[in-house]
Amino acid sequence: MIKYIHLLIFLFTLQSANAAEVNIYSARKEALIKPLLDQFSKETGIAVNIVTGKADTLLKRLEAENRNTPADILLTVDVARLVRAKEKALFQQIDSKLLNQVIPKNYRDDDKQWFGLSLRSRVIIYAPDRVDKNDLSSYMDLANEKWINRICVRSSSNVYNQSLVAAMIANYGLLKVERWGRGLVSNFARPPKGGDRDQIKAIAAGVCDVGLVNNYYLAGMLESSQKSDVVAAKKIRLFWPDQSTHGVHMNVSGAGILKSAKNKKEAIQLLEFLVGDFAQQWYADTNYEYSINSKLENSSVLKSWGKFKADELNLDLLGQHNIDALMLMDRVGWK
Amino acid sequence: MTRWNSLLVFISLLFSIPLAIVFGSLFFPEYEVWEHLRATVLIDYIGNSFALLIGVGFFSLLIGVIPAWLVTMYRFPLSRQLEWALLLPMSVPAYIIAYTYTGALDVAGPLQVTLREITGWQYRDYWFPEVRSLGGAIAMLSLVLYPYIYLLARAAFIEQSVCVLEVSRTLGCNAFGGFRRVALPLARPAIMVGLSLVVMETLADYGTVQYFGVSTFTTGIFRTWFGLGNSLAAAQMSALLLVFVAVFLYLEKRSRKQARYHHTSSRYSSLMQQRLTKGHGVIALIICAAPLSFGFIVPVSLLINWAIDTYLDVLGKDFYLLFFNSLFLAFITSMLAVGIALFMAYSNRNNQSLLNKIMVRLVSMGYAIPGTVIAVGVLIPFAWFDNSLDNFLIENFNISSGLLISGTVFILVFAYLVRFLAVSINTIEAALVKIKPVMDEVAKTTGMHTINILRSIHMPMMRGSLLTASLLVFVDVLKELPATLILRPFNFNTLAVRTYELANEELLAEAAVPALAIVIVGIIPVIIISNSISRSRPGHG
Amino acid sequence: MDKAIEIKNISLTIEGRSILEDVSFDVREAEIACLLGPSGCGKTTLLRSIAGLEIQDEGEVWVKGVLFSDLTHHLPVEQRHIGMVFQDYALFPHMNVRDNIVFGLKNYNTKMSIQRLDELVTLFSLEKHINKYPHSLSGGQQQRVALARAMAPRPGVLLLDEPFASLDIELREQIARELRLILKLDGITTIMVSHNQLEAFAMADIIGVMNDGHLLQWDNAFDLYHKPKTEVVAGFIGEGVFISGEVINNKEVKTEIGVIQSAATHQTVIGKKVRVLIRPDDILHDDNSDMAARVVDKAFRGAEFLYTLQLESGLRILSLVPSHHDHPINEPIGIRLEIDHLVIFDEK
């Protein structure tokens, strides 16, 4: 009897019997990470298996699969979901000298459970022909009446907006942000729709004058192979908000190693590879994100936007205020 | 017979597990979240969902039923080709048509950009329909969902006894009057089956409305589940959605009262298609060509146009694997769906107990549930089973089985079945009803066993319907996205997943290639279905 | 009386096959006509082209002085104001009896339509079934509903396609007589189609016998039976056999069962070979007769036996004999000829 069960299990688990491998649940789209993973496999001989999906559903899958999950690493594109995974006790503590050394303290978890892998900022963009740069100042200012019918921003279902609002709640408190939210929503030029690129295109087309996007989208369009993207992006300027106060809202894409990881050693190896020079340079060159390693050069587009003051808020707070932010956005009617 | 019955109950319960999880949530009220929803977004969700349902229902009826009538009853230029071509939009996933039209017609799309360049207008100087809006969502969903109604309406019109139409004409009805007062009411059960499929698809749609920024009940479920992190409240919302569908189906059935729709006439004089005059023919052609053009020709041309630029980058060994995966899943699922539906419908026929009826209805509810909800509803119990088995084996034999089923193709196929069994069951039940019980009795008197009767009498008589059922499921699986995304094993991609990932990154041109592949694979079964329907009436086609 | 329906030289070809050839007849006001013929003879097609459901290649249809159709002009079905009952009634399954009957009354106001409904319900004794759906009605009830529905808008003419074919055989004649009364009461001009001569006799004032697309004879039942104009009509109407004979003079024909005399005059060349129609009622059983024939078959018909008898020459004839004369098969019985209407056709 036992022999048969052994055989059965052997048959079922055939594929995981491979020697060196690491398994990833990734919220980052396959095309935007696969080349790096291939490089990693080439260098180390460790096979990388990946399932992509929305961060929330991947979390759900991890919870259901529990300690038997085949995944070793959860990769997300926003810190809020990393914090949520941590709250659900899915991650384990990792002591890696290299990770701690390379990643600045505010871009990794105090309990060493998750690590930022690349940096992005959420910035104000505007149409220079219709907006005087001197009229722009801060995120808070976007609730001002002078922007009525002039603002484009994507849906509040998007985690980047949730994290921005969460950061503002951390900085200004719920009441003040809620008042701001009402003002902002009443300034919308159209109901929120589409992604960040859509907001850029909408401003270029004259639907609105001001928008909120992650900076790498603008960079990506400027460098795009599609002419229409470049034409649109060139009509847009970037503005660093909050330079005299908290600084620009920052977010990370990041990862943590799961509690039940069966390939912990390989997983750490992969995370270390991802903060290494090769990977960071790739992020910067291909995805136009800021390198987590401040010593590395950023891409030329990013450099052209100059230096800026970044908000040094502990990213953990973004996760903690995530649900508050969402409910606030519901209340102020941010669709 | 009792063994059949217990098997029926077992299968039904198995496929109802995700539903049970959804409904089970109702026992744990989440007052706080509901209060928040009620105070903020619920009205919006309900309002938009209603508007969407009514809009999509109305337009898909309009562009489904009228062309079905025209191509069945009349001959006009291209009418023979339109018969099958009108089904083609079925192979285009809703989210893909949404992406294409947005890409072309949006404020920043080529059309409006050119318009502004030529005229020198600014954005606010002219009016242009907004694609990404509630109205846009209604248009997109109607354009790809109307074929369900067209398909069933046409089959009903073809089967209709010509005599009743002739009677209506002798009683003073003109062609339109006969259509309105006789043909349409008689085809109503079939049209309603089509409409209920459309309604359920509309309610389950997430991709289109989310992309268009329309908050519906379904996007609300996702927001509550994943944003607010409250799976109970989300499941409760899904349950309400289901209750709504159930009430809708019940009211429809009740409104028919005791009127029956099988034909009192057993005579089928062959359908004589009337040739239209040139003027009328052109009008009919325009009416029929419109849904086909906007639902298929235009979006597919756009996709081809984009794909020409990018296909070299996207095609590759990897791509053929996607192709194979999609085909494999669609094939396996459609075969199983037909097998299971046949079994269930047949058990129900032989033993029409209330229990059996409820079981069959229960299993066909899955169609109305958003794919993500089903996926999670499948994920939880199977992972629980895997983990429990693992615990048991470790304790007793010191072996770990790990996750036996979760994360395999099996669980994926299971989820597809939960979602799409409704399609095959509905189709096969409808076919089985038409076979008179007298056939069974005749066969039994010759000493045939039940299974043999099924094989040698029912199956051949239902061949067309079996084919239709399997191909509908095939196309649906091919297009399915959310459940695939959540449940698939490592390194396992499908065409739909690839399309979504690229389109979601706003790489529409790159997404065009896998999207086209879905459409191309989907076209083949669509044409087969259409042919089998044309042949379903003796002396026609 | 006026001609209500005039059919002039109608021909119709479907897919190269000639269905109707040069058919002409008239039906007078309030007359009930029947097109009688075997299946496939074109009678239903003729009915449908009067209704406008088929369009003839040649000829004209006139109803009550209105041209329904000719070569260039075809009045659409819905404008012909005719009532038609289909072979299987084709009741609307999604409507109850009431709605079926008032279907054609869309130009009536509510009061008028209720009034008309009441009239018809009474006329056809449908009071108890008014709210029922067709599937719960018997064949006879369905037929009455179909008739009521067709007559409701007071059509100019009523067309009935095999109205009794779906009924039990025992009921047919009785229902046919009842229907005739109703139609006569209403005074509606009617054309029905049937393949059953007994129905036709029971219903119709005038009967047209059709075969192979041709209208062979247009006459009343008595004349069709006793004065058939062609052998086909003679063979189709009633029973009988043809025997050979030779004309002796203008009142007598010599046959192998003797010289047949007839009061009716006929012009035939003396010495000419002819065929004589012998009906079963022309041969009487007479024990005193010299002529005998052997019983080869017999069919019991209640009051009578229909005997098939074989003469010595091998010729077989039919005879109707009161049923108290029960003779076993093979028994020779005496027979006698008594012919009122001599029916003679030229030998081919």
Margin query: From the helices alone, meaning DSSP H stretches of at least four residues, give me the mean residue ellipticity at 222 nm for chain B, per-run term -39500 (n - 2.57), in deg cm²/dmol to the nearest 500.
Written below: -24000 deg cm²/dmol
Margin query: Heavy atoms only, 1.4 Å probe, whole protein assembly: order A:S155, B:S12 by accessible area, highest first.
Written below: A:S155, B:S12
Notebook entry, point to check: C:R301 accessible area, nearest 10 Å², 1.4 Å probe?
Noted result: 120 Å²
Check: When Rg is the radius of gyration of the Cα atoms in the protein assembly as shown and Rh is its Kirkwood radius, what does Rg/Rh come to?
Finding: 1.14
Next item on the list: Return an integer: the convex hull volume of the alpha-carbon atoms of chain B, in Å³ per residue.
Entry: 194 Å³
Notebook entry, point to check: What cysteines in the protein assembly as shown have no other cysteine with a beta carbon less than 4.7 Å from their beta carbon?
Noted result: B:C163, B:C173, B:C288, C:C34, C:C41
Check: What whole number of Å gives the distance from the Cα centroid of region A:220-283 to the Cα centroid of region B:502-527?
Finding: 28 Å
Next item on the list: Please report, in debye to the nearest 20, how large the charge dipole of the protein assembly as shown is about its Cα centre when each Lys and Arg carries +1 at its beta carbon and each Asp and Glu carries -1 there.
Entry: 2860 debye
Notebook entry, point to check: Sorted by average packing, counted as other Cβ atoms within 10 angstrom per residue and highest first, what order do B:102-112, A:101-111 take?
Noted result: B:102-112, A:101-111
Note to self: Need one value for B:99-108: mean number of C-beta atoms belonging to other chains within 10 Å of its residues' C-beta atoms.
What the structure shows: 3
Item checked: Over chain C: helical MRE at 222 nm, DSSP H runs n ≥ 4 each giving -39500 (n - 2.57), nearest 500 -> -6500 deg cm²/dmol
Margin query: Projecting each Cα onto the charge dipole of chain B (Lys/Arg +1, Asp/Glu -1 at the beta carbon, about the Cα centre), which of B:M462, B:N504, B:F331 comes out farthest on the positive side?
Written below: B:M462
Next item on the list: Just report the Cα centroid separation between region B:113-167 and region A:156-189, whole Å.
Entry: 38 Å
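With a 1.4 Å probe, what is the total accessible area buried between chains A and B, in Å² rounded to the nearest 100?
5100 Å²
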Notebook entry, point to check: Which residues of region C:50-81 end up with at least 20 Å² less accessible area in the presence of all protein chains than when their chain stands alone, using a 1.4 Å probe?
Noted result: C:L53, C:V77, C:E78
Item checked: Average partner coverage of B:219-231, which counts Cβ from other chains inside 10 Å -> 5
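Please give the total accessible area that chains B and C bury against each other, computed with a 1.4 Å probe and expressed in Å² to the nearest 100.
2500 Å²
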Notebook entry, point to check: How large, in percent, is the carbon and sulfur part of the accessible surface of region A:183-228 at a probe radius of 1.4 Å?
Noted result: 46 percent
Checklist line | Distribution of pairwise C-alpha distances over region C:241-346, 10 Å bins, in % | finding: 15, 46, 28, 10, 0
Note to self: Please list B:L379, B:L454 from largest to smallest accessible area, probe radius 1.4 Å, with all protein chains kept in place.
What the structure shows: B:L454, B:L379
Margin query: Need the C-alpha centroid separation for region A:296-332 versus region A:46-89, integer Å.
Written below: 22 Å
Margin query: For B:Y45, what accessible surface area do you get with a 1.4 Å probe? Give it in Å², rounded to 10.
Written below: 10 Å²
Next item on the list: Bin width 10 Å, alpha-carbon pairs only: give the P(r) of region B:41-310 as whole percents, running from 0 to the bin holding the largest distance.
Entry: 6, 24, 29, 23, 13, 4, 0
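Please get the size of the charge dipole for region C:241-346, origin at its Cα centre, with Cβ charges of +1 on Lys and Arg and -1 on Asp and Glu, quoted in debye to the nearest 20.
380 debye
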Item checked: CD proxy at 222 nm, helix term only [per DSSP H run n ≥ 4: -39500 (n - 2.57); per residue of chain A; nearest 500] -> -12000 deg cm²/dmol
Note to self: I'd like to check one number: the per residue accessible area of region C:3-236, probe 1.4 Å, reported in Å² as a whole number.
What the structure shows: 41 Å²
Margin query: I need the phi-derived Karplus couplings for region C:154-165: 6.51 cos²θ - 1.76 cosθ + 1.60, θ = phi - 60°, integer Hz, Gly and Pro marked x.
Written below: 6, x, x, 9, 10, 10, 10, 9, 6, x, 10, 4
Check: Given a 1.4 Å probe and the protein chains all in place, what does the accessible area of B:T114 round to, in Å² to the nearest 10?
Finding: 60 Å²
Notebook entry, point to check: In region B:469-496, what residues drop by 20 Å² or more in accessible surface going from the chain by itself to the full protein assembly, probe 1.4 Å?
Noted result: B:L485, B:I486, B:R488, B:F490, B:N491, B:N493
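About the Cα centre of chain A, what is the dipole size in debye to 20, counting +1 per Lys and Arg Cβ and -1 per Asp and Glu Cβ, all else neutral?
I would put it at about 520 debye.
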Notebook entry, point to check: When you count, for each residue, the other Cβ atoms within 10 Å and take the mean per peptide, how do A:182-191, B:91-100, A:46-55, A:298-307 rank with the highest first?
Noted result: B:91-100, A:46-55, A:182-191, A:298-307
Check: Given a 1.4 Å probe, how much area per residue of region A:64-163 is accessible, in Å²?
Finding: 36 Å²
Next item on the list: Starting from the amide H of A:L117, placed 1.01 Å from N in the peptide plane, find each other amide H under 5 Å away whose residue is 5 or more places distant or on another chain.
Entry: A:S253, A:G254, A:A255
Note to self: Quick check: net charge around C:V102, other residues with Cβ under 9 Å of its Cβ, Lys/Arg +1 and Asp/Glu -1?
What the structure shows: +3
Next item on the list: Calculate the mean, over all residues of peptide C:287-299, of how many other protein chain Cβ atoms lie within 10 angstrom of the residue's Cβ.
Entry: 0
Checklist line | Residues of region B:41-310: accessible area per residue with a 1.4 Å probe, Å² | finding: 39 Å²
Item checked: Ratio Rg/Rh [Cα only; Rh per Kirkwood] for region A:118-185 -> 0.96
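The values are calculated or read from the model by the stated rules, or taken from the named source; none is laboratory data. Since the model is a prediction, treat every value here as computed from it, not as a measurement. Neighbour counts are summed over all protein chains in view; Cβ atoms, including those assigned to glycine, are modelled from backbone coordinates with ideal geometry. Accessible surface is based on the protein model in full, side chains and every heavy atom, while ligands, DNA and RNA are left aside. Shrake-Rupley method; radii C 1.70, N 1.55, O 1.52, S 1.80 Å.
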